[in-house]
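S.K.: Below are the structure tokens for one structure; questions will follow.
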Amino acid sequence: MWPPEVRGDLRDAVRAKHKGDYGKSEQHFHRAWNTIRTLPIESLGSQPYLKLTGMALAFADVLELSNKQQRAYEVYVHALELLQQDGVKAMLTGPERLRAVAISSKLGELAKDLKKHKTEEEKWLVWAVEELLRIVKSPSKDDAGENVDYSHQGSFNLPLLALPSWISKTDIGAPLEALGSFYAEAGRLDFAMPLYLQAISLLIPPAPKKSAPEDRCRGAQLMGNLSEMIMRRPPSPDTLHQAEAWASQALAVTKKARAESSKPIDPCEEVYAAALFNLATFRNMAGDRNVARNLYRDGLEQARSIGLSEGVVEASRALHRLDMALASVYKNNLGCATETHNVHNPILQNSRV
């Protein structure tokens, strides 16, 4: 239950948002946001900072819908600062700390959209990952987990940590992936690859642990990204082998996840189309054109079945290029055969004389 001082404005803000009147919604959210920060934190009940920042997120969302990204960015910053205050940090519950991680990740995303300096985008993404590690490694009053000695660990290894029950794989995987993507785009592959590997190992844990098909398909997508990153290295047979191995694994994981699901899962269907295309490209590079053609064709059919227009275009172009190459090879072979016949035919004729 919200304090009576903000109930009216919150009700009107939500109602206006549902009607698409973002201007009016913004006015009421703004007033409620200003009011709630003047109230004693105890008036918000249990886990008060979830409510306080929840209002900030709702307010910022309306600002984004109104194309006021800079103002939304400022509200997100203010919300995170409330959670980072020295007198507040020690009081936060696990879910409240996780809210700070989510806000920091959102700030990294918005900093990119607003074309802010790369150091600012990196700052938010790094803080989100570092705070996650602090959450996972520290005792929690919400879920104590196991006692683990980290004093001798030279680097973090999230899959070995005792995760609190209120943290999902997505909670941890998303910030790792976001920071990994940032470093990949910046060409800092030595930073990006360990983050992707950590995210993959969370989404697709080793047996006997199991994960949902959606998580495995997300992990398969990251495997595809990892394959692409490996190909940025200086070309060598080993580089090509490693990259294709990840592409092949991505396809195998996706196939298995789809087979075990009782109904189609949209992310899995898209990842499957991409995995077929990626492995086809590697087979084509290796000169295995028949296998490549079959994979491209399967990828084209998959893209068509889910309405993935970009995938249809890319697979169609790849098939056209491959067919042209095969036709050229056939033409050259036919030419060689004709030339051989013309050369040897006079000899045969002479032998009959």
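S.K.: Ser328 to His78: FRET efficiency via 1/(1 + (r/R0)^6), r the Cβ-Cβ distance, R0 51 Å, to the nearest 0.05? Provide the component values of the computation, followed by the final result.
M.R.: Numbers: r = 63 Å, r/R0 = 1.23.
FRET efficiency, Ser328 to His78: 0.20.
S.K.: Starting at the first residue of segment 255-260, write each ³J(HN,Hα) from the Karplus equation 6.51 cos²θ - 1.76 cosθ + 1.60 with θ = phi - 60°, in whole Hz, x for Gly and Pro.
M.R.: Each residue of segment 255-260 in turn: 4, 5, 4, 5, 5, 8 Hz.
S.K.: What is the Cα centroid distance between segment 13-28 and segment 194-217, reported in whole angstrom?
M.R.: What the calculation gives is 40 Å, centre to centre.
S.K.: List, in order, the whole-Hz ³J(HN,Hα) value for each residue of segment 184-189 obtained from phi through the Karplus relation with A = 6.51, B = -1.76, C = 1.60 and θ = phi - 60°; use x for Gly and Pro.
M.R.: Taking θ as phi minus 60°, the curve returns 5, 5, 7, x, 9, 5 Hz for segment 184-189.
S.K.: With a 10 Å Cβ neighbour count serving as the proxy for reagent exposure, in which order, fewest first, do Thr170, Thr93, Thr38, Thr281 appear? Walk me through the numbers before you get to the answer.
M.R.: Numbers: Thr170 14, Thr93 17, Thr38 7, Thr281 21.
Final ranking by Cβ density, sparse to dense: Thr38, Thr170, Thr93, Thr281.
S.K.: Take each of the peptides 50-56, 5-11, average the number of other beta-carbon atoms within 10 Å over its residues, and list them starting from the highest.
M.R.: Numbers: 50-56: 20.3, 5-11: 16.4.
Top of the packing list down: 50-56, 5-11.
S.K.: Could you sort the peptides 262-268, 58-64 by per-residue average Cβ neighbour count (10 Å cutoff), highest mean leading? Walk me through the numbers on the way to the answer.
M.R.: Numbers: 262-268: 12.4, 58-64: 21.3.
The packing order, highest mean first, is 58-64, 262-268.
S.K.: Using a cut-off of 13 Å between beta-carbons, work out the net charge of the residues near Leu110 (Lys and Arg +1, Asp and Glu -1, Leu110 not included). Walk me through the numbers before you get to the answer.
M.R.: On the way: positive: Lys68, Arg71, Lys106, Lys112, Lys115, Lys116, Lys123; negative: Asp61, Glu64, Glu74, Glu109, Asp113, Glu120, Glu121.
It works out to a net charge of 0.
S.K.: What's the local net charge at Thr239, with K and R +1, D and E -1, over the other residues with C-beta under 13 Å away?
M.R.: Working: positive: Arg232, Arg233; negative: Glu228, Asp238, Glu244.
So the environment of Thr239 carries a net charge of -1.
S.K.: I would also like to ask the following. How much net charge surrounds Met1 when only other residues with a Cβ under 13 Å from its Cβ are counted (Lys, Arg +1; Asp, Glu -1)?
M.R.: With Lys, Arg at +1 and Asp, Glu at -1, the net is +2.
S.K.: If you don't mind, there's one more thing I want to ask. Output ³J(HN,Hα) for segment 206-221: one whole-Hz value per residue in order, computed from phi by the Karplus curve 6.51 cos²θ - 1.76 cosθ + 1.60 with θ = phi - 60°, and x for Gly and Pro.
M.R.: Each residue of segment 206-221 in turn: x, 4, x, 5, 10, 9, 5, x, 4, 5, 5, 5, 5, x, 5, 4 Hz.
S.K.: Next question. Tell me the relative contact order for segment 202-253 as a rounded percent, counting alpha carbon contacts under 8 Å between residues six or more apart.
M.R.: Values: 42 pairs, mean separation 18.4, N = 52.
Across segment 202-253, relative contact order equals 35 percent.
None of the figures in this text is laboratory data; all of them are computed from the coordinates on show. The structure displayed is predicted, hence computed values, not measured ones. Here Cβ is always computed from backbone atoms with ideal geometry, including for glycine, and neighbour counts include all displayed protein chains.
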